[in-house]
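The structure under discussion appears below in the form of structure tokens.
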Amino acid sequence: MQSVLGGENDSQTVTGGAIPGSGASAWYLRHTQPSALPVLLAVPHAGRAYPAAVLDNMRNPGYATLRLEDRYVDLLAEEVARMTGAALLVAQAPRAMIDLNRHVDDVDWTMFHDGKGAGGKCSLPQALAGGHRAKTGLGLIPRRLPGMGELWKRHHDSGELAARISGIHQPYHHQLGAGLMALRERWGAALLIDLHSMPPLGVAGGPPGAEFVVGDRFGTACDGMLVASTFSHFGAHRRTAAHNRPYAGGYVLERHGFSRGGVHAMQIEIDRSRYLDARLAEPGPGFAGMVSLLADLVMQLAGEVAALGDSRVVEAAE
């Protein structure tokens with residue numbers, strides 16, 4: 001189900017999906033009609049609409065939620081979208097409930113008392129062997145975090161997962177795909193910037209790590225010119241960036257990035273210490289500067305994507 005909340009001038013906010021156990025929608029989309037830029041910003045991991053039952057089942061909810069969230073990346077993205085006119089899709093469902101950057105098959109079934117791994121009959125048609133992310137503890141429903149161990153007090157029920165897939169995962173990716181197709185239809189090409197945050201990469205006592213990690217699934221999800229332009233932008237502002245390591249992009253880029261078809265997708269991981277306070281809990285002194293840096297990047301890339309779209313139209317005509 002979707003609803004239009006309205007907005008100012010030619011912009012509107014659309015909500016969709018449903019978070020089981022909560023009155024909140026799974027996501028919201030802010031965009032203009034017609035689109036102002038061939039760019040869609042997406043934030044899949046900053047959701048904070050926690051149902052009470054989810055928090056009650058977490059061993060240390062205050063600390064675990066902070067570790068799981070891409071803390072306040074949605075606030076960064078909202079400001080960038082407001083300044084540039086880029087479309088914005090934000091997941092309100094928390095990553096603790098379901099990870100939108102994972103395939104629905106990437107499940108650790110030993111987390112479920114009635115699941116395949118527990119020897120019971122699972123109610124989900126996707127009851128297959130868990131993927132490699134699930135084996136690390138960070139599958140479709142996260143199980144553990146480094147330094148914390150198990151996140152949950154009790155086993156889950158496969159019916160809960162089915163409801164989260166149908167209410168959150170499927171509607172989010174349907175809207176993301178539809179939004180990108182609409183941009184490509186209007187502009188000839190579209191760019192998805194999937195925004196995430198990461199803990200600082202530097203090792204204590206050593207040199208600082210990269211402030212950003214740009215992922216393009218090793219060249220398969222995004223035109224190389226756009227990636228090079230992104231690094232050039234960060235370099236011009238004396239900001240350090242790494243390419244694909246340790247984050248190359250996950251299911252979002254795998255599903256939606258198709259550069260040969262005119263839909264480009266890149267993942268940008270941002271060091272949380274660069275825009276949050278010392279506790280990595282609230283917006284800090286670097287927040288405004290980060291917004292400005294990202295807004296300038298979006299405007300630069302938008303022009304290049306529009307040019308790519310024009311060249312595709314010419315090639316198709318020939």
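The values are calculated or read from the model by the stated rules, or taken from the named source; none is laboratory data. Computed from a predicted structure; not experimentally measured. Every residue, glycine as well, gets a Cβ built from its backbone with ideal geometry; the counts of neighbours run over all protein chains shown.
Can you pull out every residue in the stretch 14-43 that is under 28 Å from Ala307 (Cα atoms) and touching a strand residue (DSSP E or B) at 6+ places or on another chain (Cβ under 6 Å)? Step through it out loud before you land on a result.
Filtering the stretch 14-43 down to residues under 28 Å from Ala307 (Cα atoms) leaves 29-43.
Answer for the stretch 14-43, where residues must be under 28 Å from Ala307 (Cα atoms) and touching a strand residue (DSSP E or B) at 6+ places or on another chain (Cβ under 6 Å): Leu29, Arg30, His31, Thr32, Pro38, Val39, Leu40, Leu41, Ala42, Val43.
Anything in the stretch 245-257 that is under 21 Å from Leu308 (Cβ atoms) and either part of a loop (DSSP other than H, G, I, E, B) or touching a helix residue (DSSP H, G or I) at 6+ places or on another chain (Cβ under 9 Å) (or both)? List them, or say none.
Selection gives Gly249, Val252, Arg255, His256, Gly257.
Restricting attention to the stretch 152-205, and to residues there that are buried (at least 21 other Cβ atoms within 10 Å of the Cβ) and β-branched (Val, Ile, Thr), which single residue is nearest to Pro61 (Cα to Cα)?
Here the answer is Ile168.
What helices (runs of 4 or more DSSP H) completely inside the stretch 39-86 contain at least 1 residues that are modelled with pLDDT under 95, more than 10 Å from His196 (Cα to Cα) and of a type in the set (A, V, I, L, M, F, W, C)? Write out each step before concluding.
Details: elements: 52-57, 61-68, 73-84.
Counting at least 1 such residues, we get 61-68.
When you look at Gly289, is it in a helix (DSSP H, G or I), free of Cβ contacts under 8 Å to residues at least 24 places away in the same chain and either surrounded by fewer than 18 Cβ atoms within 10 Å (Cβ to Cβ) or aromatic (Phe, Trp, Tyr) (or both), yes or no? Spell out the reasoning first.
On the way: in a helix (DSSP H, G or I): yes; free of Cβ contacts under 8 Å to residues at least 24 places away in the same chain: yes; either surrounded by fewer than 18 Cβ atoms within 10 Å (Cβ to Cβ) or aromatic (Phe, Trp, Tyr) (or both): yes.
The answer is yes for Gly289.
Do you know which residues across the stretch 210-224 are among the charged types (D, E, K, R) and within 12 Å of Glu269 (Cα to Cα)?
At the first step, the residues of the stretch 210-224 found to be among the charged types (D, E, K, R) are 211, 216-217, 223.
Within the stretch 210-224, Glu211, Asp216 meet the criteria.
How about the stretch 59-87: which of its residues are surrounded by fewer than 19 Cβ atoms within 10 Å (Cβ to Cβ) and in contact with a helix residue (DSSP H, G or I) (Cβ under 7 Å, 6 or more places away or on another chain)?
If the condition is that a residue be surrounded by fewer than 19 Cβ atoms within 10 Å (Cβ to Cβ) and in contact with a helix residue (DSSP H, G or I) (Cβ under 7 Å, 6 or more places away or on another chain), then Pro61, Glu79, Met83 are the ones that fit.
Tally the residues that are under 19 Å from His237 (Cα atoms) and of a type in the set (A, V, I, L, M), restricting the search to the stretch 201-218.
Qualifying residue count for the region: 3.
One line per residue, one yes/no per condition, for (1) in contact (Cβ under 8 Å) with a residue 12 or more places away in the chain; (2) of a type in the set (Lys, Arg); (3) not in a helix (DSSP H, G or I):
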{"residue": "Val214", "(1), (2), (3)": "yes, no, yes"}
{"residue": "Arg217", "(1), (2), (3)": "yes, yes, yes"}
{"residue": "Val227", "(1), (2), (3)": "yes, no, no"}
{"residue": "Leu293", "(1), (2), (3)": "yes, no, no"}
